[in-house]
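Step one of this worksheet: look at the structure below.
The values are calculated or read from the model by the stated rules, or taken from the named source; none is laboratory data. Everything numeric in this text was worked out from a predicted model, so none of it was measured. Because the Cβ atoms are built from the backbone with ideal geometry, glycine has one as well, and the counts that use them run over all protein chains shown. Just so you know, the surface numbers come from the protein's heavy atoms only, side chains and all, with ligands and any DNA or RNA stripped out. Shrake-Rupley method; radii C 1.70, N 1.55, O 1.52, S 1.80 Å.
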Amino acid sequence: MAGHGKDYEKVYVWSVLLRVYHWVFALSIFILIATGLYINWPWTNTWMEGSHQWTMAIMRYIHYVAGMLFTMATIARIYLWFFGNKNEKVWDFAPITPRNIKNMITTSFYYAYLTDNHEHRTGHNAMAGMSYVMTILLAVIQFITGFYLLYPESSFFVGLGSVFGTQQTARFIHHILNWYFAIFAAVHIYIASWNDIRSPEGLISSIFSGYKFFPKGHH
Amino acid sequence: MDRNMFTGGLPGTISRRGFLRACAIATAAMGLPMEMVTKVAEAAESPERPRVIWLHFQECTGCSESMLRASHPDLATLILDLIDLQYHETLMVGAGHQAEAAFEKAIEEPGYVLVVEGSIPTGEYEDFCMIGGHSAEHNLKKAAKNAAAIINIGTCSAWGGIPVARPNPTKAVATGDIIKDKPIINIGGCPPNPHNFLSAVLYYLTFKKLPPTDIYGRPLFAYGRRIHDHCERRPHFDEGRYAEQFGDVGHRLGYCLYKVGCKAPETFGNCSIIRFNDVEVWPVSVGNGCYGCTEPNFWDTMSPFHERLPGVPLPVNGGTIANATDIGKKALGITAAALAIHAGIGVAKSFAKGKKKEEE
Ligand code: HEM
Ligand code: HEM
Ligand code: SF4
Ligand code: SF4
């Protein structure tokens, strides 16, 4: 395996829509976690009456706007699962094919420092793929419960959301998923950095530029 | 509002004026236009009063108790003028065989409205509620057979209420779990506001059908909107002013009760609008948050009543219940620690090896 710059080739992996979705999704989630936890526990107790600090109202407003962006990003990703490029299609990384199940095992060895070898894939490895599929599915639950809480008088959203029970149980699920997204974000950013350090694909820059780097003839 | 408004000054009598007023209030509560008052009044006055049979199962009689305190119209008007109450275990004079005979006679002729208060124990626990030697389920099925419609008064008959709260020791179920072939309406609440019950009855009288309902079978005119959206403390909520605990400054200043567990943001009802007991109060107006009693399974989903969210049962110490936010914070902390250890191993390994494998 050669390690000199000229023996690497630049491969276009992520389309513009995927990159836009990623950053809208990531940014909206940071905002949603911050404002969502504030809604759960409004810790800035305002002791001033007759002031103009609509803290709770503003936090909720920001939460809803970010929620709309989050919903659009999630829908865009589901579209790309089926109509995206080869790396973006869901069967390229979901652990449902023999190729991906095998990859899942080798990747877990790689992550556990048991081996340094790993398959060079242009798209996601199957372990990452599994967590991304799960994240998008949970994102769907998160926006359905969110819209159910937001529009209690809309028969459409009530119809969708009430599969999760009353407003209170939906709110509970919404709250638990908040912690899923927080934990996912922490692990995800860590693993992305870890991979970026361990192998010269240029993983992190790929989600900005769309390109990854591979040893010639290795993908 | 005092009782005289309906009785026209004389205790125990109902003036024409008081009667019309009662109809007007019920019409408004049903969300009908005021032109309907005459129609409601006509229906209420018609000599053909609907026959009502009222059954009690596993309950505390709080629903009947709160009915007794209704005032527009008061109970006398309701029973004597509006409906023909043929059987009600706590109100009727008869007892024993006399009562049983009354029951048998009342259910003979079809077309009555069946009001159910309380949940029904089932299976091997059916004998936890026996009336006249028969199980609740038996009596319910018997009474429902000839009923034109069923009105569940209170959360117990509507969704099981306190008897179905975990671990549901009597295997209790709601009326709707047993009777599937009759129109059923749920007047949720623990106890429900008597006006909502009376308005549902008047609606039935006027239109000869049950009012439109939400997905949980509650009449939309009373349960169509969230209580929080009509709360007098709502400006404090939006402005971010909260009582931190009972008795603190914020509580005394009348700030929002969200942080002491008010469940009205996820509870449907008209408590904040029509209020209770003729003295214009409801829980939040006297300083206690809403407990969400009009919602299905509120004993399980709304408790702890003074916290925002239900706890999470953990598989340790035989099912410790922990606060959802605390668990989330701990899980995030453990994750961060695990990532730090993982990173530490990686750093140690690369020191030991001296260089990166990939770069060979
Ligand atoms: C990853 C995405 C999201 C996260 C992490 C998140 C987080 C939260 C949290 C922690 C709460 C407080 C619940 C509580 O503990 O009482 C909340 C409430 C809420 N969220 Fe989200 N949320 C997300 C997405 C959305 C979306 C997409 C919507 C829909 C527009 C939405 C709408 C709401 C609404 C309506 C509330 C209730 C606020 C209230 O009524 O006061 N959320 N969210
Ligand atoms: C701010 C730091 C972040 C960086 C540097 C980053 C980096 C990356 C990279 C490099 C990938 C591609 C990984 C691969 O090829 O397998 C990726 C994918 C992904 N990231 Fe992030 N990310 C960040 C934040 C987030 C956040 C906060 C979230 C959501 C909680 C998130 C959700 C995702 C998802 C769902 C994918 C999969 C994309 C797909 O659906 O195909 N990212 N990220
Ligand atoms: S007291 Fe309860 S109902 Fe009123 S604004 Fe606060 S949270 Fe909403
Ligand atoms: S305010 Fe809440 S707890 Fe009280 S009766 Fe209404 S729904 Fe029930």
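In this simple spin-label model, placing a label point 7 Å from the Cα along the Cα-to-Cβ direction at both residue A:114 and residue A:44 gives a separation of 4.9 nm.
For residue B:259, a cut-off of 20 angstrom between C-alpha atoms picks up these lysines, skipping any fewer than 8 places away in its own chain: B:329.
The charge dipole of the protein assembly as shown, taken about the Cα centre with unit charges on the Cβ atoms of Lys, Arg (+1) and Asp, Glu (-1), comes to about 2100 debye, rounded to the nearest 20. Surface burial for A against B, with a 1.4 Å probe and both sides summed, reaches about 4500 Å² of accessible area.
In degrees from 0 to 90, rounded to the nearest 10, what is the angle of the helix A:98-111 Cα long axis to the longest principal axis of chain A? Value to nearest ten degrees: 90. With a 1.4 Å probe on protein heavy atoms only, tell me which residues of region B:317-348 lose at least 40 Å² of accessible surface in the complex relative to the chain by itself. Buried by the other chains: B:325, B:332, B:335, B:339, B:342.
Excluding the site residues themselves, the longest part of chain A lacking any trypsin sites (Lys or Arg not before Pro) in a DSSP loop with at most 14 other Cβ atoms within 10 Å is A:87-215.
Between B:124, B:137, B:295, the Gaussian network model of chain B with springs among Cα atoms under 10 angstrom shows the greatest mean-square fluctuation at B:124.
Applying the criteria of a DSSP loop state and at most 15 other Cβ atoms within 10 Å to the GluC sites (Glu not before Pro) of region B:247-338 yields B:280. Unpaired Cys in chain B, meaning no second Cys C-beta under 4.7 Å: B:23, B:60, B:63, B:129, B:156, B:231, B:256, B:262, B:271, B:290.
Rolling a 1.4 Å probe over the heavy atoms of the protein chains gives chain B an accessible area of 46 Å² per residue. Positive-end ranking of B:38, B:282, A:186 along the dipole of the protein assembly as shown, with charges on Cβ about the Cα centre, is headed by A:186. What separates the Cα centres of region B:266-333 and region A:108-126 is a distance of 46 Å.
For the options B:217, B:161, B:247, a Gaussian network treatment of chain B with springs between C-alpha atoms closer than 10 Å singles out B:247 as fluctuating the most. Among the lysines of chain A, pairs that are 8 or more positions apart or on different chains and have alpha carbons within less than 21 Å of each other number 11.
Projecting the Cα atoms of B:24, B:112, B:70 onto the charge dipole of region B:13-140 (Cβ charges, centred on the Cα centre) puts B:24 farthest toward the positive pole.
Accessible area per residue was computed with a 1.4 Å probe on protein heavy atoms; residue B:156 scores about 20 Å². Only DSSP H runs of four or more residues enter the estimate; each adds -39500 (n - 2.57), and after division by the residues of the protein assembly as shown the mean residue ellipticity at 222 nm equals -14500 deg cm²/dmol.
Protein-only accessible surface at a 1.4 angstrom probe places the residues A:156, A:164 in the order A:156, A:164, largest first. Report the residue, chosen from A:83, A:70, A:181, that carries the largest GNM mean-square fluctuation when chain A is represented by alpha-carbon nodes joined by springs under 10 Å. Among A:83, A:70, A:181, the largest mean-square fluctuation in the Gaussian network model of chain A belongs to A:83. The distance between label points at residue B:182 and residue B:300 comes to 2.6 nm (points 7 Å beyond Cα on the Cα→Cβ vector).
Projected onto their three principal axes, the Cα atoms of region B:227-301 cover extents of 32, 30, 21 Å, largest first. Interface burial in region B:293-314 reaches 30 Å² or more for B:301, B:308, B:309, B:310, comparing the full protein assembly with the chain by itself; accessible area from heavy atoms with a 1.4 Å probe.
Its alpha carbons give the protein assembly as shown an Rg and a Dmax of 30.9, 104 Å.
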